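A short worksheet on the structure shown next.
The values are calculated or read from the model by the stated rules, or taken from the named source; none is laboratory data. What you are looking at is a predicted structure, and each value in this text was computed from that prediction instead of being measured. All Cβ positions, even for glycine, are placed from backbone atoms using ideal geometry, and neighbour counts span all protein chains on display.
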Amino acid sequence: MLTTPRPHTGQSGFTLVETMIALIILAGGLLALAGAFAQGMVMVSGTHYHQFAKEKASEAMESVFTARDAGKIPSWDWIQNKSSHPNGIFKDGAQPLCGAGDDGLLNTDDDEDDELETLPGRDGIPGTDDDEVLTIERFSREIEITQIHAGLRRIRVIIRYRLGNLTREYELVSHISPFA
Ligand SMILES: [Ca+2]
Ligand SMILES: [Ca+2]
């Protein structure tokens, strides 16, 4: 009995379906790579913002101590939030990163909106087109002063910033008494 070999059906080379599948897998890989890269970029800028937030928090904390030490204010009553005492000078809640204004103190009424902080942007050079102005949507500064007892108050400085869809914050806590 003779067995006839099956006719050759041209199985060599890639079919269209195989090529499509290969392309889909490749595209998936590239997308994953792009995602990882984007994530990396967020982390890099995150470190950058975190460092900046730390600096801004220290600056705001110093501002409160300066209010007491530099004789800028007539009494201890003034070193409070506006909502805590009629003489309190520090604004409540999140504020934009404005300049300190004439009193040299941050988060007070005379702060200057037109001196919003800027970051040097992607090129790392300040004063070029890609500089980023830090509006309150991106960065905010809060100074919260809580009375512990008559001669001691707790100061909490919170710098919040947006990173992608997340809001991060950096917090600094200290205590202040009426005496330097
Ligand atoms: Ca001020
Ligand atoms: Ca720049």
From the residues in segment 78-95 that are within 12 Å of ligand 1 (Cβ to nearest atom) and surrounded by fewer than 20 Cβ atoms within 10 Å (Cβ to Cβ), which one is farthest from I148 (Cα to Cα)?
Q95
How many residues are farther than 30 Å from L163 by Cβ and of a type outside the set (A, V, I, L, M) if we restrict to segment 18-44?
2
Please give the number of the condition I73 fails out of (1) closer than 19 Å to R156 by Cβ; (2) in contact (Cβ under 8 Å) with a residue 12 or more places away in the chain; (3) within 16 Å of ligand 1 (Cβ to nearest atom).
(1)
Which number in (1) farther than 27 Å from L166 by Cα; (2) in a loop (DSSP other than H, G, I, E, B); (3) away from ligand 2 (no atom under 16 Å from the Cβ) marks the one condition that V64 misses?
(2)
Selection over segment 67-95 where residues are assigned to a loop (DSSP other than H, G, I, E, B) and either of a type outside the set (K, R) or at pLDDT below 95 (or both) yields a count of 18
For segment 62-96, the count of residues that are under 25 Å from the mean Cα position of the chain (by Cα), among the aliphatic types (A, V, I, L, M) and closer than 16 Å to S174 by Cα equals 1
Please give the number of the condition M20 fails out of (1) exposed (fewer than 10 other Cβ atoms within 10 Å of the Cβ); (2) aliphatic (A, V, I, L, M); (3) modelled with pLDDT of 70 or more.
(1)
Can we say T118 is within 16 Å of ligand 2 (Cβ to nearest atom) and in contact (Cβ under 8 Å) with a residue 12 or more places away in the chain?
yes
Suppose we filter segment 56-75 for residues that are surrounded by 13 or more Cβ atoms within 10 Å (Cβ to Cβ) and either within 27 Å of P86 (Cβ to Cβ) or among the charged types (D, E, K, R) (or both); how many remain?
13
So I143 ticks every box in (1) surrounded by fewer than 20 Cβ atoms within 10 Å (Cβ to Cβ); (2) within 17 Å of N107 (Cα to Cα); (3) among the hydrophobic types (A, V, I, L, M, F, W, C) but one. Which box is left unticked?
(1)
